[in-house]
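The values are calculated or read from the model by the stated rules, or taken from the named source; none is laboratory data. As the structure is a computational prediction, the values presented were derived from the model and not from experiment. Note: ideal-geometry Cβ built from the backbone for every residue, glycine included; neighbour counts use all protein chains shown. Surface areas here come from the heavy atoms of the whole protein model, side chains and all, with no ligands, DNA or RNA. Shrake-Rupley method; radii C 1.70, N 1.55, O 1.52, S 1.80 Å.
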Amino acid sequence: APRRHTYAQLQQAADALSHVLVDLGVQRGDRVAIVLPQRFETAVAYMAVMQMGAVAMPLSLLFGPEALEYRLQNSEAVVAIVDGSSVSNVLSVRAQCPTLREVIGVDLHNASDMLHVDVDYASATAEQAHDFMAVPTQADEGAVLIYTSGTTGPPKGALIPHRALIGNLTGFVCSQNWFGFPTDTRQPPHSQAVFWSPADWAWTGGLMDALLPTLYFGRPIVAWNGRFSPELALTL
């Protein structure tokens, strides 16, 4: 059955994870790798990392150990957040990533995986009960570090500042037929639109043009972790 979450639950969960990351020694400007599929905890992770002034680094589930190792090393990521679909690949390269101090496991069921991660997401966040005061970030401070595909040489990290997350919104709205906002300016900006994209939230198309803008405008977004098919799209 689908899980449904409210924005209040999202904020509460993000506050708890921000406190967990602070307790793990994550500081402003540190890179936190998010190696998760489309799921509620992925949205939580981006909000938690960015509201504490750290830098979220999306890593796709399609990356093999070599690709993960390069990006984790190059970015000097200090924490990685994984689930059952990514934990084995991240753990396999951990020894080659000296700055990676902590691995947080989300919803792990394999005993071996649970043994080799440092922090269990559910139990660690459950211990955090108070709100987190968001850091007053500067416009030019880094929010997201996303790597190019490496077509013309080694992948290069593109550091996206907080102001670019806002600057991206107008293009997103235009590309989505105004995203349900009324074209008649006399009408209130209210929409029943529900958003879903098959693009992995680790890619620019899934993160910058699906998850983050939808969260910004407070709309519902569907998370689905599975292979794409036309039948699936119509079913969703």
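Of all residues in region 195-215, those satisfying the criterion of being open to solvent by 40 Å² or more (accessible area, probe 1.4 Å) and under 14 Å from the mean Cα position of the chain (by Cα) are Trp203, Thr204, Asp209. Do we have Phe132 as among the aromatic types (Phe, Trp, Tyr), within 22 Å of Gly25 (Cα to Cα) and assigned to a loop (DSSP other than H, G, I, E, B) here? Here the answer is yes, as Phe132 does meet what is asked. Every condition in (1) within 16 Å of the chain's Cα centre (by Cα); (2) hydrophobic (A, V, I, L, M, F, W, C); (3) open to solvent by 10 Å² or more (accessible area, probe 1.4 Å) is met by Val87 except one, and the failing one is (3). Among the residues of region 102-122, which ones are at pLDDT below 95 and not in a loop (DSSP other than H, G, I, E, B)? Scanning region 102-122 gives Ala111, Ser112, Asp113, Met114, Leu115, His116. The residue that is farthest from Ala143 (Cα to Cα), counting only those in region 175-185 that are in a helix (DSSP H, G or I) and open to solvent by less than 70 Å² (accessible area, probe 1.4 Å), is Gly180.
Screening Arg163 on (1) outside any helix (DSSP H, G or I); (2) open to solvent by 50 Å² or more (accessible area, probe 1.4 Å) shows it passes everything except condition (1).
For region 115-123, the condition of being within 18 Å of the chain's Cα centre (by Cα) and either open to solvent by 40 Å² or more (accessible area, probe 1.4 Å) or closer than 19 Å to Ser60 by Cα (or both) holds for at least one residue.
Criterion applied to Thr235, Thr151 was being closer than 27 Å to Val55 by Cβ and open to solvent by 60 Å² or more (accessible area, probe 1.4 Å), and the one residue passing it is Thr151. Can you tell me which residues in region 24-55 are over 20 Å from Pro213 (Cα atoms), touching a helix residue (DSSP H, G or I) at 6+ places or on another chain (Cβ under 8 Å) and not aliphatic (A, V, I, L, M)? Scanning region 24-55 gives a single hit, Arg31. Residues in region 149-162 that are without any contact (Cβ under 8 Å) to a residue 12 or more places away in the chain and more than 15 Å from Glu69 (Cα to Cα): how many? Residues in region 149-162 being without any contact (Cβ under 8 Å) to a residue 12 or more places away in the chain and more than 15 Å from Glu69 (Cα to Cα): 3 in total.
Note on region 90-111: residues that are open to solvent by 60 Å² or more (accessible area, probe 1.4 Å) and more than 18 Å from the chain's Cα centre (by Cα) amount to 8.
Number of residues in region 1-31 that are crowded, with 17+ Cβ neighbours inside 10 Å and hydrophobic (A, V, I, L, M, F, W, C): the value is 8.
So that you can scan it fast, the table gives a plain yes or no per residue for (1) farther than 21 Å from Ala95 by Cβ; (2) surrounded by fewer than 21 Cβ atoms within 10 Å (Cβ to Cβ):
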site	(1), (2)
Ala45	yes, no
Met50	yes, no
Gly53	yes, no
Pro58	yes, no
Leu62	yes, yes
Tyr70	no, yes
Ala77	no, no
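A residue that is buried (at least 16 other Cβ atoms within 10 Å of the Cβ) and farther than 24 Å from Ile166 by Cβ cannot be found anywhere in region 216-223.
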